[in-house]
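Working notes, beginning with the structure itself.
The values are calculated or read from the model by the stated rules, or taken from the named source; none is laboratory data. Note that the structure is a prediction, hence the values are computed from the model and not measured. Cβ placement follows ideal geometry from the backbone for every residue including glycine, while neighbour counts extend to all protein chains displayed. What goes into the accessible areas is simple: the full protein's heavy atoms, side chains included, and nothing from ligands, DNA or RNA. Shrake-Rupley method; radii C 1.70, N 1.55, O 1.52, S 1.80 Å.
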Amino acid sequence: MTKHVAGRGAGDEPGTRQGIHSIRIGLASETGLALGTEVLTLEGEMPVEYLTPGDRVVTRSGARILRALQSVPARGPLLRVAPGTLGHDRPEKALLLGGQAKILMRGWRAQAMFGARTALVDLARLEDGVNVTRVAPEGTRLFTLHFDAPEVIYAEGVELGAEMAKLTV
């Protein structure tokens, strides 16, 4: 089965599209998604660098309007999640996230590790040196998505916490 990835118009440069707001939040380098990470939208899966404010992103709460997108060079260590670490094809390919990213765990994993049916946890708590590893940023660009309220988005099949927009342009 071929995966459909939504696209944008020709000539759009990733990470430089009109509408990417530079906002002073300071979270992208700690919680962001690496360049190339596919995010589920109403148009299908789309690389994070092609998203713009106004896009409708699929969340656990339904489709939500992306209010802002912050893009910065990674400044600190990143966390790499190996394919299949969080379940069958979750993620499907290696996932690179900011060191303070939050992940939603559900079912038996959440119950066994955190004593709850669901838990939004710091990914760093799952670092084991094998499946979740710390890596150097080496020129990686990170993107943080912001919504009207905190949300859980789908990136590479993994449920990740996303921030509430606090625009102070």
Exercise. Quick one: pull the percent of accessible area on the range 124-167 belonging to carbon and sulfur, 1.4 Å probe, ligands and nucleic acids left out.
Key: 50
Exercise. Once you have the Kirkwood Rh of the range 62-149 from its Cα pairs, apply Stokes-Einstein at 20 °C and 1.002 mPa s and quote D in µm²/s.
Key: 150
Practice problem: Count the net charge of all other residues whose Cβ sits under 14 Å from the Cβ of Gly115, scoring Lys and Arg as +1 and Asp and Glu as -1. | Solution: +4
Quiz item: Got a sec? What order do Ile103, Ile65 fall in by accessible area at 1.4 Å, biggest, i.e. largest, first?
Solution: Ile65, Ile103
Self-check item: Accessible surface, per residue, of the range 112-168 when the full set of protein chains is kept, probe 1.4 Å, Å²
Solution: 51
Quiz item: How many nm separate the modelled label positions at Leu120 and Asp148, each set 7 Å beyond the Cα in the direction of the Cβ?
Solution: 1.7
